[in-house]
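Structure first, commentary second.
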Amino acid sequence: KNLILDKTIKDNLYVVGPGDGFFVSFSADDFSFSNYLVVSPLGDIMIPTIGLINLDKLLLKDAYDLIASKCKTKYSGASIDITLTNVRKFYVRVHGLNYGPSKVLVSPLNDVLDAFEIIVNNIDNKKLKNISIRNINVKRNNETFTVDLVKYKIYGDSYNPTLLEEDV
């Protein structure tokens, strides 16, 4: 299935997690390796002769650097190419409604507006008037912050963060 993007993924903003896919290719001396690797539910990838590398919650650029570093530690003259090939999906929970979905499937490329649109598309039109687009509370890491999607839609520069696993 093709991933539809509205912009290029920034490796200094994207956070790696279980289900992300990479293509890793490296060669050195008498060993070469080229394969697609998926981050395990524990946050690891396994590269033969290199071992397990934990990438969970690293920025994409740091994950690239860690993979390259581990390969170069074992094979000092290694030529290494790495790219992200697949973006994971995960659920975020929805509270505050006694109707509509209790969770929605998103990716790390989706923001609060994307999740809001998924939610309202699954709610009867008569009940939409009870849902605030100006006062959306997002809980992340024991902190709660408010998102105002009217301001975001009008000005485009107000807060509309991308989603992470365990967001509510």
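Couple of notes before you dig in:
- Size check on the range 1-91: the Cα extents along the three principal axes, sorted descending, read 41, 26, 24 Å.
- Accessible surface calculations at 1.4 Å, restricted to protein heavy atoms, place the range 1-139 at 62 Å² per residue.
- Length available on full extension from Leu5 to Thr85: 0.36 nm per residue minus the Cα-Cα distance, which gives 27.5 nm.
- For Cα extents along the principal axes in Å, the value computed from the atomic coordinates appears in the list [x] 52, 51, 36; [y] 56, 46, 26; [z] 67, 32, 30 under label [z].
- The length gained on full extension between Tyr155 and Val168, counted as 0.36 nm times the residue separation minus their Cα-Cα distance, comes to 2.2 nm.
- Cut-off under 5 Å, modelled amide H: who pairs with Asp44 long-range: Leu55
- Of the residues Leu66, Leu128, Leu105, the one that moves most in a GNM of the chain with alpha-carbon contacts below 10 Å is Leu128.
- Förster radius 22 Å - calculated FRET efficiency between Ala68 and Leu13 (Cβ-Cβ, nearest 0.05): 0.65
- Checked against a 22 Å cut-off, the cross-linked pairs Lys7/Lys127; Lys7/Lys153; Lys103/Lys127; Lys57/Lys89 give Cα-Cα distances beyond that limit for Lys7/Lys127.
- Accessible area of the range 19-168 belonging to carbon and sulfur atoms, whole % at 1.4 Å probe: 48 percent
- Charge sum, other residues only, whose C-beta stays under 10 Å from Asn160's C-beta, Lys/Arg counted +1 and Asp/Glu -1: -2
- Length-normalised contact order of the range 119-168 in % [C-alpha pairs under 8 Å, at least 6 apart]: 28 percent
- Distance-filtered residues of the range 16-60 - backbone nitrogen under 20 Å, label point 7 angstrom along Asn142 Cα→Cβ: 57
- Short-range pairs are left out: with C-alpha atoms under 8 Å and at least six residues apart, the relative contact order of the chain is 19 percent.
The values are calculated or read from the model by the stated rules, or taken from the named source; none is laboratory data. A quick note: this is a predicted structure, and the numbers were derived from the prediction, not measured. All Cβ positions, glycine included, derive from the backbone under ideal geometry; neighbour counts span all protein chains shown. For accessibility, only protein heavy atoms count, side chains too; no ligands or nucleic acids. Shrake-Rupley method; radii C 1.70, N 1.55, O 1.52, S 1.80 Å.
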